[in-house]
Amino acid sequence: MSYNLPCVLMRGGTSRGPFFLADWLPGDPAARDRTLIAALGSPHELQVDGLGGGNSLTSKVAIVSKSVHTDCDVDYLFAQVSVEEARVDTRPNCGNMLAGVGPFAIEQGLVPAADDSPTTTVRVYNVNTRSRINVQVCTAGGRVQYDGDVHIDGVQGTAAPVLMNFLDAWGAVTGQIFPTGQRVDTIQGLQVTCIDAAQVMVLVRAADLGLRGDETPAQLDADTALLARLESLRREAGLRMGMGDVSNSVLPKPVIVSPGAQAGSVVSRYFTPLRCHRSHAVTGAIGVAAAHVLPGTVITDSFQAASAGTRRVEVLHPAGRIHVDVELSEVDGQFKLVQAALVRTARKILEGTLYVAEHALTE
């Protein structure tokens, strides 16, 4: 027998996965996770019996509900479903999937489309990281508009822009932007920056690993010694960041960084964490950009000193680039992150009924 539930499959940024209202899923977290594992078709390298695409970028879930916070419209819980294992991780946020949350919330009636403006701002509370993001959606004519002329690298064609402004994602998981208390640590002989800014990451210079920095994901994934070294590094970083044993978590993410050719640019290779991202996580791009504009990190901009105001950072990834606008304030010579904004796109792919094996709720 099958368990039937409503489902909307959406692309958000360079990721894809099913979107659910929270009350479409079991309330018990363990039963919910079993349902998500079955829905995506895990564990299987191709996820042939579910909606997953055999890659961490297409094995993601967004769960949305009316917000319990008075200053937000909706709550968004992100779930990363492992491809090869029967495991769900709800510790990280996903900024790419976040691009679909605003359109989904409007179409599901959680937020009314503005009738006096061509755009609607959806105030999102990310449950994973306890942070707030304002998501601006095109709603000309009172309906979500998916068609547009904005292209993002890593996705073919164009679509309507989705502007996302991250307001307070700084230290959201660990309590501090630099969880070890330092901007540079030496771990296993490597200088690294451990940072919690929209995403929890450990940044390491490409040159220190004997790399150029512009290697392709296929080249990096084929280097088993490198992958083993990064995994060992991130586990030690997790301990130093107060996260305990992270062997069964996708956090922190290891990221290989190198300077771009000009001021305000960074070359980044982001791991998910066991494979190199084919493009780049949005939250990871924000963290890399933050490390670039703040002084004293392994990737601080060598062309331009930190200053108050908004700086645009170009994060160069395997599929192209992401532009992040980072705003800093300065008090007594100390710089503080205020907010970070960037543009993504989203598209609804299909809407209907998902059939999940009923035993998924009890096993």
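The values are calculated or read from the model by the stated rules, or taken from the named source; none is laboratory data. None of the values given here were measured: they were computed from a predicted structure. Don't worry about glycine lacking a Cβ; one is built from the backbone with ideal geometry, like all the others, and counts go over all protein chains shown. Note: accessible area is taken over every heavy atom of the protein model, side chains too, but ligands, DNA and RNA are not part of it. Shrake-Rupley method; radii C 1.70, N 1.55, O 1.52, S 1.80 Å.
Worth a mention:
- Placing Asp245, Asp33, Asp168 in order of accessible area, with the largest value first and a 1.4 Å probe, yields Asp245, Asp168, Asp33.
- Shape category assigned to the range 175-300 from the gyration tensor of Cα positions, a/c cut at 1.5: rounded
- Cut-off under 5 Å, modelled amide H: who pairs with Gly260 long-range: Ser265, Val266, Val267
- Computed from phi, the 3J(HN,Hα) profile of the range 210-225 under the Karplus parametrisation 6.51, -1.76, 1.60 (θ = phi - 60°) reads x, 10, 6, x, 9, 4, 7, x, 4, 5, 5, 5, 7, 8, 5, 5 Hz, with x in place of Gly and Pro.
- Since only Ala289, Leu203, Leu190 are under comparison, the one whose Cα sits farthest along the positive direction of the charge dipole of the range 179-318, derived from C-beta charges on Lys, Arg, Asp and Glu, is Ala289.
- Long-range amide H partners of Gln191 with built H, under 5 Å: none
- Cross-link pairs beyond the 24 Å C-alpha cut-off, checked among Lys66/Lys253; Lys66/Lys348; Lys60/Lys348: Lys66/Lys253
- Whether the range 1-70 is rounded, prolate or oblate, judged on the alpha carbon gyration tensor where a/c under 1.5 counts as rounded: oblate
- Acute angle (nearest 10 degrees) that the helix 95-107 long axis makes with the longest principal axis of the chain, alpha-carbon atoms: 30
- Estimated vicinal HN-Hα couplings, Hz - the range 235-249 in sequence order (Karplus 6.51, -1.76, 1.60; Gly, Pro = x): 5, 5, 4, x, 5, 5, 8, x, 9, x, 6, 9, 4, 9, 10
- About its Cα centre, the dipole of the chain is roughly 360 debye, where the only charges are +1 on Lys and Arg Cβ and -1 on Asp and Glu Cβ.
- Rounded to the nearest 20 debye, dipole of the range 1-126 from Cβ charges on Lys, Arg, Asp, Glu: 160
- The separation of the range 1-24 from the range 49-94, counted between C-alpha centres, amounts to 9 Å.
- Short-range pairs are left out: with C-alpha atoms under 8 Å and at least six residues apart, the relative contact order of the chain is 19 percent.
- From phi via Karplus (6.51, -1.76, 1.60), per-residue ³J(HN,Hα) for the range 177-194 in Hz, x at Gly/Pro: 5, 10, x, 7, x, 10, 8, 9, 10, 9, 10, 6, x, 10, 7, 9, 10, 9
- Label-reachable residues, the range 160-174, where backbone N falls under 17 Å from a point 7 Å from Val331's Cα toward its Cβ: 168-171
- Length-normalised contact order of the range 1-142 in % [C-alpha pairs under 8 Å, at least 6 apart]: 21
- Taking Cα centre as origin and charging only the Cβ of basic (Lys, Arg, +1) and acidic (Asp, Glu, -1) residues, the dipole magnitude of the range 274-362 rounds to 360 debye.
- Full extension of the chain between Thr70 and Ala140 yields a length gain of 22.6 nm, computed as 0.36 nm times the residue separation minus the alpha carbon distance.
- In degrees, nearest ten, helix 282-293 long axis to first principal axis of the chain (Cα): 20
- Between His317, His69, His292, the Gaussian network model of the chain with springs among Cα atoms under 10 angstrom shows the greatest mean-square fluctuation at His69.
- Between amide H atoms placed 1.01 Å from N, distances below 5 Å from Thr119 occur with Thr139, all of them 5 or more places distant or on a separate chain.
- Taking the range 181-249 and dividing mean pair separation by its residue count, relative contact order in percent (alpha carbons under 8 Å, at least six apart): 21
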